Amino acid sequence: MTDRYVYCNGRGGNHEAATSSSKQSSSRATMKPQIVINRHMNWLIHALYSRKHYEQCKRLIDRQLTICYDKEYLHYTKGLIHRDEGNAPEAIHCFQQAILANRKEPENYKELAKTLYTIGKFKKSLEVFLKAESLLERPDHEIYHSIGELYHRGFGQPKAGTAEAKEYLKQAITCGKHVDSYKILAEIYIEEGDSLKAIEMIENCLQVTQDDVALLTQIGILYLKINEYQRAFEKLLDATAADSRHTNALLALGSILQSKNDIDGALNKYKRMPYLPDESCEVWSNIGLCFFKKQKFIAAISCLKKATWISPLNFNALYNLGLVLVTAQQYVSAFQTLAAAISLRPENAECYMLLGTCLRHLNDPGNAYLSLEKSTMLPDAVKNPLIYLNFALYCYEIGKPDQSVLYLANFLEMTQHITVHREYLKMADRLNGALVTVARGIVQPASSSSSSSNPVGHPETGPGTEKDASPAPLDAIVEGEVRSGQNNDFDNDLL
């Protein structure tokens, strides 16, 4: 048998013809591929697979399977080809054949598990990944990452969960800086409410992918949660610099400007959004609040109604619409909107405060009193001193000065720890003066029968009482309580 050899490109030829200097040029012109008899062609199979010459590679593998005794690598590579071509059942069969050829090789189990993962068999995939881990001789990032991800998604044993997921993902990042592992760890820390750890993970991601707009936006929102407004603003600016029309980044940036009363700047950011997918409810809600700050109530109501039409179960959109309707003195519509908001969050004290205002203007003093009283009894009331001031004003109006004194004292005590607008402190001083006057017997408080004909906070006054001593209208306090729309991806009020 004549000697054969193989060129690096896989062509076979005659050794004598190749070594003959006089006929070298003519032999290259007439050379044709010849059958290769080498038993070990793994290097050529790998080269063809790397170049994605799948058909040639499969033919060579099939030929080698008939003459070669070492079939593990052949089945392994053929499985990779079938998986790349989308033929998962054949790929699984090939990897199983590779495992039968060598049960101690973790790569075979890893590729089988990755194939099972692609077709949605997550629990089976996790079992195979764990088997591959038990055979490891050195750390493998893919195996650790995949096990951690599957544990995080809840496909492990009942006792396995977030703690096991974090352990495996931490092992994965010890093998190198891998963005996917950092991202899942950040998601876990966000779910646990540990914003600082989540920021640390995303910062590590940004060291690898500095222009990832989604990560820049996410870390900007996390900085907002820990009240790092300057760093949040910088990250969001970087996100808009990388993609000037990124919806989430523009929404968050506009909300920051809106919270700083830069209404025109916020509207400019909202106008730059190219399209409004799932976040459109929050965008329209924020735009409506911008018009509300500009005292353009019709435009504000239109935007907020569109927000509630897009997402009828969005509490913040309903609350904001109810607030604007109360300010615009559309009390019937405000009552319906606030009732819907209360059905979503029955423990929200501010909704009951606004609802009591509506009922007062709808000439229902009994239910108005009950609604305002309930607003002071809910746990959220301790976060907003205006709830107590509103109820104190209303108690004074309907002729209950003792209760008014009690809730006014609660308001003044809360202002020692919570900053409120100076206007509300002046209202409290005027109410206090009126209550002192009533206590001295100089003037009688307004009776409940007269509350339907007089504005809240403007009680009837007796002879010798100056009008300036009466407290300001209740509606003026309501106008000051504004909140922005809540974005579902951010899971936090942006204002």
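Observations on the model:
- Against the test of being farther than 20 Å from I221 by Cα and open to solvent by 70 Å² or more (accessible area, probe 1.4 Å), the options E191, E137, E149 yield a single qualifying residue, E137.
- Taking the criterion of being of a type in the set (D, E, K, R), open to solvent by 40 Å² or more (accessible area, probe 1.4 Å) and either at pLDDT 85 or above or in contact with a strand residue (DSSP E or B) (Cβ under 9 Å, 6 or more places away or on another chain) (or both), the residues of region 37-71 that qualify are R51, K52, E55, R59, D62, R63, K71.
- Within region 127-164, considering residues that are of a type in the set (S, T, N, Q) and farther than 19 Å from N102 by Cβ, the one modelled with the lowest pLDDT: Q157
- Residue in region 336-347 that is open to solvent by 40 Å² or more (accessible area, probe 1.4 Å) and β-branched (V, I, T) present: no
- Filter result for T77 (among the polar types (S, T, N, Q), closer than 23 Å to E107 by Cβ and modelled with pLDDT of 50 or more): yes
Yes/no per residue for (1) part of a helix (DSSP H, G or I); (2) touching a Lys or Arg at 6+ places or on another chain (Cβ under 7 Å):
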position	(1), (2)
Y352	yes, yes
R360	yes, no
L372	yes, no
S375	yes, no
Y396	yes, no
G399	no, no
H417	no, no
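- Contacts under 9 angstrom Cβ, first residue in region 168-184 being over 13 Å from H152 (Cβ atoms), partner polar (S, T, N, Q) and open to solvent by 60 Å² or more (accessible area, probe 1.4 Å), 6 or more apart: K177/Q207
- Per-region count, region 267-320, residues under 24 Å from A349 (Cα atoms), touching a residue at least 40 places away in the same chain (Cβ under 8 Å) and assigned to a helix (DSSP H, G or I): 13
- Qualifying residues in region 223-257 (those that are in contact with a Gly (Cβ under 9 Å, 6 or more places away or on another chain) and among the small types (G, A, S)) - the one surrounded by the fewest Cβ atoms within 10 Å (Cβ to Cβ): A232
- Candidates are the residues of region 194-212 that are of a type in the set (A, V, I, L, M) and closer than 17 Å to R231 by Cβ; the one that is most open to solvent (accessible area, probe 1.4 Å) is L196.
The values are calculated or read from the model by the stated rules, or taken from the named source; none is laboratory data. All of these numbers come straight from a predicted model, not from anything done at the bench. Cβ atoms come from the backbone with ideal geometry, glycine included; neighbour counts cover every protein chain shown. Just the protein is used for accessible areas: all its heavy atoms, side chains included, with ligands, DNA and RNA removed. Shrake-Rupley method; radii C 1.70, N 1.55, O 1.52, S 1.80 Å.
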